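**Q** Sharing a structure below in structure tokens format, with a few things to ask.
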Amino acid sequence: MKLFIAAQNVATHCEFDRGKRDEKAVTVAELKRTVGEKAKVEEELEQMRGRLEEEGKRNAELSSLMGKLWDERRRLSRELSTVQKNLDEEKLAAQRVEGHFNLIEKVGEKYPSLDWSFLGDEGDENEAEQGGV
């Protein structure tokens, strides 16, 4: 009986060892596959890092261009404001001059005997116009 139990124990230990070897074989195969995949993953990671670096450079360029565009926009806006202000001032000056000429005409119509010689050549023209009317 002791011999039977000993044989049974030996068989059990052999089976256990075989199972452990099978597990180790599976584990070794998984490790080899993982090591093989690691190289692929590292290569993909390097490619992604390269792309990320390129995108970072492009984003920096775009950001720089956006800054330049905003500066240009501000400059053009200030320039437009200045031009608009100058144009408004010119319009007001033209309206004032036109108003003065209208006033001179009205005064000339109301008082035709006025001496317009103080205006120089323009006064002579006005006198000719006044006399012709």
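For every residue, the table says whether it meets (1) among the hydrophobic types (A, V, I, L, M, F, W, C); (2) modelled with pLDDT of 95 or more; (3) surrounded by 10 or more Cβ atoms within 10 Å (Cβ to Cβ).
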site	(1), (2), (3)
LYS24	no, no, yes
THR27	no, no, yes
GLU43	no, no, yes
MET66	yes, yes, yes
LEU80	yes, yes, yes
LEU103	yes, no, yes
LYS110	no, no, no
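**Q** Going by the conditions given, is LYS32 within 15 Å of the chain's Cα centre (by Cα), assigned to a helix (DSSP H, G or I) and of a type in the set (Lys, Arg)?
**A** no
**Q** Which residue is modelled with the lowest pLDDT, if the candidates are limited to the range 112-133 and must be in contact with a helix residue (DSSP H, G or I) (Cβ under 7 Å, 6 or more places away or on another chain) and not polar (S, T, N, Q)?
**A** Taking the candidates together, the pick is GLY123.
The values are calculated or read from the model by the stated rules, or taken from the named source; none is laboratory data. Given the structure is predicted, the values throughout are model-derived calculations rather than measurements. Please note: Cβ atoms are built from the backbone with ideal geometry, for glycine as well, and neighbour counts cover all protein chains shown.
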